[in-house]
Amino acid sequence: MHDAGGPELVWIMLALTAWLAVVAGAIAIGVHLIRQSRPVPRRLPSPLDILERRYAAGELDRDEFDEARARLREHDIDL
C-alpha cells in the first residue's frame with residue numbers, strides 16, 4: 001500500500017505551486033504591459049487659455065484682452 005502523505009504529495013504540491021506562480025506572473029506582466037501601452041490623452045490649451053497667457057506675458061494690453069475675450073464669448077468658444 002501507498003502512504004497517504006509520502007514524497008509524491010510533496011512533489012505534486014511543489015509542481016502546483018510552481019504552475020500557479022508562472023500563471024500569476026504571466027497575468028501580472030500582461031496587466032502591466034496593457035496599462036503601460038495606453039497613451040495619455042493630451043489636452044490642448046483652449047483659446048481662452050492662450051489669450052490669458054498672452055495677456056500675462058505682456059503681449060496684449062487690457063483693452064485688447066477684453067475685446068478678444070468678448071469675441072470669444074460671442075462665439076461661445078471655451079465657455
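The values are calculated or read from the model by the stated rules, or taken from the named source; none is laboratory data. Everything quoted here is computed from the prediction, not taken from an experiment. Backbone-built Cβ (ideal geometry, glycine too); neighbour counts: all protein chains shown. Side chains included, ligands, DNA and RNA excluded: accessible areas come from the protein's heavy atoms. Shrake-Rupley method; radii C 1.70, N 1.55, O 1.52, S 1.80 Å.
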Of L33, L9, the only residue that is in a helix (DSSP H, G or I), surrounded by 10 or more Cβ atoms within 10 Å (Cβ to Cβ) and at pLDDT below 95 is L9
Picked from the range 36-60 (must be assigned to a helix (DSSP H, G or I) and acidic (D, E)), the residue least open to solvent (accessible area, probe 1.4 Å) is D49
For A18, are the conditions met, namely being outside any loop (DSSP other than H, G, I, E, B), within 26 Å of the chain's Cα centre (by Cα), surrounded by 10 or more Cβ atoms within 10 Å (Cβ to Cβ) and without any contact (Cβ under 8 Å) to a residue 40 or more places away in the chain? no
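Modelled with pLDDT of 90 or more, surrounded by fewer than 10 Cβ atoms within 10 Å (Cβ to Cβ) and more than 27 Å from the chain's Cα centre (by Cα): is that true of D63 in this structure?
Criteria met by D63.
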